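Single-structure report; data block below.
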Amino acid sequence: MSSTSALGRRSFTVVPSTHEVAVVVSGSFHRHMERITAAIHEFAARGVRVLSPADPRIVAHQGEFLFVASDRLRSVRLVQDRHLDCIRAASFLWLVCPDGYVGLSAAMEIGAARDAGIPIYATHAPMDITLREYVTIVPSIADAMLSAKAHSQPRRPEGILIDPHASVEQVYAILERVEAELTTSRGEANVASRVYRDLAEIQAKLSLPIYMQ
């Protein structure tokens, strides 16, 4: 069921639950793409939502940066920012490093997960002695899932970089409410608190990357 608003938008998107298990897979696309692809397929088969990369087929490149089929844009910055935002919204990060190699991008992603309090699992330890301190080694993907579920917390909402359609639809719905409050409310004592609460909700729904706030 849908309705057309004064802003001319329709809402159809079902917003993913922040309680479902979701994962981001990290690793070197140049060295470990076959293992990364296998991990993504196993997570999907086990009913785990892969936030990024959802479709790891390589479709383009810019220098050494590889774009995959699930990358909507051909912008290195936006693709990487979206991947980092997915990490912050994930249940856990799965690191693929079968030979211990972790590239600079994956190392940054480990740091982003650590900073966001997102657990990091792998079947092989990184060669770097510092990175090892932040990665929990498990026998298998199944073990990582069990551990993540045992310590699960509601996930951070998926913002505009992760799901732009749902975020925009939700924001328009709130803006409709704000429009009504600002144009039809007459002398209500609590209208200001409602408006500012709605504006704060817009910021939360967008989940703007922290470097933009």
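The values are calculated or read from the model by the stated rules, or taken from the named source; none is laboratory data. Computed from a predicted structure; not experimentally measured. Please note: Cβ atoms are built from the backbone with ideal geometry, for glycine as well, and neighbour counts cover all protein chains shown.
Scanning region 22-78 for residues that are farther than 17 Å from ILE110 by Cβ and of a type in the set (S, T, N, Q), we see that the one that is modelled with the highest pLDDT is THR37. You will find that of GLU176, GLU169, GLU181, the residue that is of a type outside the set (S, T, N, Q), at pLDDT 75 or above and in contact with a helix residue (DSSP H, G or I) (Cβ under 7 Å, 6 or more places away or on another chain) is GLU181 and no other.
The residues listed here are LEU104, LEU95, LEU66; of these, the one that is among the aliphatic types (A, V, I, L, M), surrounded by 23 or more Cβ atoms within 10 Å (Cβ to Cβ) and over 15 Å from ILE162 (Cα atoms) is LEU95.
When region 70-110 is examined, which residues are found to be closer than 23 Å to ALA142 by Cα and among the aliphatic types (A, V, I, L, M)? Matches in region 70-110: ILE87, ALA89, ALA90, LEU93, LEU95, VAL96, VAL102, ALA106, ILE110. When region 139-164 is filtered for residues that are in a loop (DSSP other than H, G, I, E, B) and either under 21 Å from ALA44 (Cα atoms) or without any contact (Cβ under 8 Å) to a residue 12 or more places away in the chain (or both), the ones remaining, listed by number, are PRO139, SER140, HIS151, SER152, GLN153, PRO154, ARG155, ARG156, PRO157, GLU158, ILE162, ASP163. Evaluating LEU146 against the criteria (1) surrounded by 15 or more Cβ atoms within 10 Å (Cβ to Cβ); (2) not assigned by TED's automatic domain parsing to the domain that holds ALA204 leaves one unmet condition, (1). None of LEU104, LEU131, LEU206 is of a type in the set (A, V, I, L, M, F, W, C), farther than 22 Å from ARG82 by Cβ and either at pLDDT 75 or above or touching a helix residue (DSSP H, G or I) at 6+ places or on another chain (Cβ under 6 Å) (or both) except LEU131.
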